[in-house]
Amino acid sequence: MSVARISKMAGWLFGCAAFAFATGAAAETNLKVFVTSQGQPGIWRTLLDQYEARNPGVKVSIELGGTTSDLQAQYLNTVLTAKDSSLDVLMLDVIRPAQFAAAGWTSPIASDMSSYLRAYAEANTVDGKVVALPAFADSMFLYYRKDLLDKYRLQPPKTWDELADAAKKVADGEKNPNLQGLSFQGKAIEGAVCTFLVPYWSQGKVVTKDGKLDFDRDAATKSLALWKGFADSGVAKKNIAEVATDDTRKEFQAGNVLFAVNWAYAWAMSQGAESAVAGKVGVARLPAVKGGEQATCLGGWEWGVSALSKNQEEAKKLVAYLSSPEVSKYVAINGSLLPTYGTLYKDTDVTKAVPWFADAQAIVETAKPRPVTPRYNEVSEAIRTTVNAVLAGATTPADGAAQIEARLKRIIR
Amino acid sequence: MTTTSTVKNGAGGATARRAFLSRWFDPDDTTLAVLLFLPAAILLGVMIVYPVSRLIYTSFLDLSLTSGLPARFAGLANFRQMPDDPVFWQATWNTVLITLITVPGSLVVGFALALLANLPFQMKWPVRLSLLIPWALPLSFAGLIFGWFFHSEYGVVNDVLNRIGLPTVIWFNSPRLAFAAICLAIIWKASSFMAMIILAGLQTIPRSLYEAADVDGAGRVRQFFEITLPLLKPTIVVALIFRTITALQTFDIPYMMTGGGPGTETATLAMYIHQNTVSFLDLGYGSALAVVMFGLSMLVTALYLRMIRSSGAAS
């Protein structure tokens, strides 16, 4: 065989392989979706399986990363700064679409936002462009042990003082050293930002006004002192500075907590087979500070399409499905994730599975968003590390409030 | 006979090849020197010179991905920001403190472990394997484990304290205790590395020196100070250089154990660089901080090298 013939054959073979590869790739689109590990990936997998069945030629895989919102953001920051195109769809905390759009990491999506709850339509629209679609709504609620409140003839508290009194009364009666009065997030995670903001807002204060810093140091001191007071008086446990969101969920589910500050996802698990408190859980609006208004933190997650994705059209199609009323209803029933469509809060299938959702819409609609700025990560860091330091006893509430103010002044100018 | 002929053939082949090569390629000494040096220079350029110059270049830029603005030359602005940044000072101080505590700490513990491993055991491998395990464990995993150990509720440390009648300690609530826990974890992790290097050094000391010392009637302690320690000096300095530089770059263990908490009380410089670049996407300031850390590492290495040179001159 001559050299020319061999090279000709090799070229032919190579051409065949390339052709096979190219046609194979055209026949199947592989999409990779980044899902937060606490966002109940199992439920999304089921929905993605259905999507694959309906769309032959599309395969969707899930990538998980990070156990907290800030770790996930760090992961995505690294991937996207490196211009990695492997992720097509990104599940983003409600605080991030603005920031990701500013960095040019998400593609605009053509969508009518009028059927979504207003807060989510706003959170996902930046400079008139829709940058992501809502996955599920959320806000912080007060979970409580209905059985124990009934036993001591107590009503769900409307103020934090009432909560402390109720916790004391139940603790005195139960004499159970394992029962905590209140569990909330004191670890330096994103949840601790809400921990700080809830009583701060309750005093009628805001952090930013028209994009400018409008910080009230006295209200901040009172907010930090309120939480520290819970730890000092024994309403919350002494190591509250170690507690993250899912720690609160687990301890409540194990029956060791009377009141818990948590997001909607904790409901489904508290009613599950492994829960010690199934059927004994009540959910209410978060209490107010004395003389203030009840306030809560707006949460929720969104679906963004990575600007680096090589499958823009398919990814946008998938995002539209994941954000559809059908999916919103499914995750409400199966994962107790709050719907992003107002109409679903009255849906009988939903209220049968999660009865308290009937009253949740009003709460979600009045929940306040955290400060909107592209430099949100720095804002968050300044607040959550200070909350953590105050709860650990490393800083006083007054010093902590001054530190937050000083740091926010450098960030929001 | 066969052997000789092979050698002859081989040598003949080499000569022929050289003749063939020299027809095409016959450099003078200078060119040859340059050519031989070239691979190393390219490697050095790609692996060290380029990244470091790029880092220094970025440190002069106003480059923040959250601003949405293109990179802009900012002169020394990033460096001028540092003196007013309390977290920078805290992180730098913590880093220096970690270095000052864990370098001597791991040297002493590592030395003791090396001496132990050097004892004439019948079975040497279990001892050496147990030395190797902490070193082989990934840093972040070590941090995770020690984080669990010191957890106030589920940790083994408080369990032991409670069993002997002492009260529960919330380690990560107190900056000092959290810091102590971190240093302990680092010493545990780093000692085995020190031990291995020192053990290698110990084994190069000829046994005959000790035998001679025995004959002269020198005791064990005297042997240690007159033979072991002086002969180990170069080994110890090398181990110290490695350990000090890694101590200055401490990241994983405190990151996993405390995340820098409570507040920012246990944050290190490397963690602060990570935070500015990865979380805040402020690549300019992050790079400037990294330049400072790089300078610190260079300074320390230079000091050690000077120490070696002076000790070499003395002996």
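The values are calculated or read from the model by the stated rules, or taken from the named source; none is laboratory data. Quick caveat: nothing in here was measured; it's all calculated off a predicted structure. Backbone-built Cβ (ideal geometry, glycine too); neighbour counts: all protein chains shown. To get the accessible areas, we keep the full protein, side chains included, count just its heavy atoms, and leave off ligands, DNA and RNA. Shrake-Rupley method; radii C 1.70, N 1.55, O 1.52, S 1.80 Å.
The figures follow:
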item	result
Euclidean distance between Cα centres, region A:23-92 to region A:245-305, Å	27
Choice from B:Phe146, B:Phe242, B:Phe172 showing the highest fluctuation, given a GNM over chain B with Cα pairs closer than 10 Å	B:Phe242
Chain A - mean residue ellipticity at 222 nm from DSSP helices (-39,500 (n - 2.57) per run, n ≥ 4, rounded to 500)	-15000 deg cm²/dmol
Relative contact order (%) - criterion: Cα under 8 Å, at least six apart; region: chain B	27
Enclosed volume per residue, in Å³, of the convex hull spanned by Cα atoms of region A:148-245	109
Difference of contour (0.36 nm per residue) and Cα-Cα distance, B:Asp159 to B:Arg176	4.1 nm
Among B:Trp188, B:Trp135, B:Trp125, residue whose mean-square fluctuation peaks in a GNM of chain B (springs only between Cα atoms under 10 Å)	B:Trp125
Candidates A:Asp246, A:Asp210, A:Asp218, ranked by Gaussian network fluctuation over chain A, Cα under 10 Å, top entry	A:Asp210
Three principal axis lengths of region B:50-148 [C-alpha, angstrom, descending]	67, 32, 25
For region A:65-203, the fraction of alpha-carbon pairs in successive 10 Å shells from zero, as %	9, 28, 26, 18, 13, 4
10 Å Cβ shell holding at most 16 others, DSSP loop, GluC sites (Glu not before Pro): longest site-free stretch of chain A	A:29-273
Cα coordinate range in region A:297-413, projected on the principal axes (Å, largest first)	49, 42, 24
Beta bridges by DSSP in the protein assembly as shown, antiparallel share as percent, to the nearest 5	65
Convex hull volume of region A:349-413 per residue (C-alpha atoms, cubic angstrom)	143
q = 0.10, 0.17, 0.23 Å⁻¹, region B:201-315: log10 I(q)/I(0) [Debye, one scatterer per Cα]	-0.52, -0.88, -1.21
Calculated [θ] (222 nm, deg cm²/dmol) that DSSP helices of n ≥ 4 give over chain B, each run adding -39,500 (n - 2.57)	-23000 deg cm²/dmol
Distance violations [Cα-Cα > 32 Å] among A:Lys32/A:Lys280; A:Lys169/A:Lys212; B:Lys124/B:Lys233; A:Lys32/A:Lys129	A:Lys32/A:Lys280; A:Lys169/A:Lys212
Translational diffusion coefficient (Stokes-Einstein; Kirkwood radius from C-alpha pairs) of chain B at 10 °C, 1.306 mPa s, in µm²/s	66
Size descriptor, Kirkwood hydrodynamic radius, that averages inverse alpha-carbon separations across chain A, Å	22.8
Protein accessible surface hidden between A and B, which excludes ligands and nucleic acids, total in Å², probe 1.4 Å	2100
Nonlocal amide H pairs with A:Ala288, under 5 Å, H built at 1.01 Å	A:Thr159, A:Trp160
5 Å binning of all Cα-Cα separations within region B:30-106, expressed as whole percents from 0 upward	3, 12, 10, 12, 13, 14, 13, 10, 8, 5, 1
Cα-based convex hull volume of the protein assembly as shown per residue, rounded to whole Å³	278
Separation between Cα centres of region A:183-220 and region A:126-157, rounded to whole Å	17
Proximal aspartates and glutamates to A:Lys317, defined as alpha-carbon separation beneath 18 angstrom and excluding residues fewer than eight positions away on the same chain	A:Glu28, A:Asp49, A:Glu52, A:Asp88, A:Asp112, A:Glu302, A:Glu326
Inter-chain shielding of A:388-398 (mean C-beta neighbours from other protein chains, 10 Å cut-off)	5
Carbon/sulfur fraction of accessible area - the protein assembly as shown, other protein chains in place, 1.4 Å, %	63
4 °C / 1.567 mPa s Stokes-Einstein diffusion coefficient of region B:94-142, Kirkwood radius on C-alpha pairs, µm²/s	104
